[in-house]
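Step one of this worksheet: look at the structure below.
The values are calculated or read from the model by the stated rules, or taken from the named source; none is laboratory data. The model shown is predicted, which means the values in this text are computed figures rather than measured ones. Note that we place each Cβ from the backbone using ideal geometry, even for glycine, and neighbour counts take in every protein chain shown.
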Amino acid sequence: MRLPVLPKGSIWPASLPGTPYLVALFTFSLAALWWWPLAITLFWTQLLEGSVAGLIGWWRHEPIQRWVGWILLLNSVTQPLLWLGMASGGTAVYWPTLLLLEAAIWLGEGVGLYWLSRRVVPLQKVILLSILLNAISFGIGLWL
């Protein structure tokens, strides 16, 4: 089966109505069943980064739902991966593991945003956006 060719600037499957929100809800539900601290962390990460992404979308005069949806979708994948990576690292290498995984998430979410935007937004800008969003949530997480 061949997928339809999409014009530059459109996304799939995140362009389907509500898809990012359903993925975020599904991931949150799994996190709640697996381990409550993950669910709480995922909720606050989604709220904080989604709010900042919405503000950036508003500031850029772009559909807020698109930016918020993309961030929710990507966080629904990267947050559980971060927790799995941290669980396998052990306490002796906590900080090096955390920093390495955070850097991988910054890059991964940046590339994900680049792919979701169908390469309309330059790669450098989406990686900087990813670093900004993750630095904010990382800093709040350290503060808490």
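General observations
- Note on segment 76-121: among residues that are free of Cβ contacts under 8 Å to residues at least 40 places away in the same chain and of a type in the set (Ser, Thr, Tyr), the one that is farthest from residue 142 (Cα to Cα) is 114.
- Condition check for residue 79: modelled with pLDDT under 80 and either of a type in the set (S, T, N, Q) or in contact with a strand residue (DSSP E or B) (Cβ under 9 Å, 6 or more places away or on another chain) (or both): no
- Filter result (of a type in the set (A, V, I, L, M, F, W, C) and without any contact (Cβ under 8 Å) to a residue 24 or more places away in the chain) within segment 126-144: 126, 127, 128, 135, 142, 143, 144
- Just one of the numbered conditions (1) more than 17 Å from the chain's Cα centre (by Cα); (2) at pLDDT 85 or above is not true of residue 109: (1).
- Looking only at residues of segment 91-144 that are part of a loop (DSSP other than H, G, I, E, B) and of a type in the set (Ser, Thr, Tyr), we find that the one that is surrounded by the most Cβ atoms within 10 Å (Cβ to Cβ) is 117.
- Odd one out for residue 31 among (1) modelled with pLDDT under 75; (2) loosely packed, with under 14 Cβ neighbours inside 10 Å; (3) touching a helix residue (DSSP H, G or I) at 6+ places or on another chain (Cβ under 8 Å): (2)
- Test: residue in segment 80-88 that is surrounded by fewer than 17 Cβ atoms within 10 Å (Cβ to Cβ) and under 12 Å from the mean Cα position of the chain (by Cα): yes
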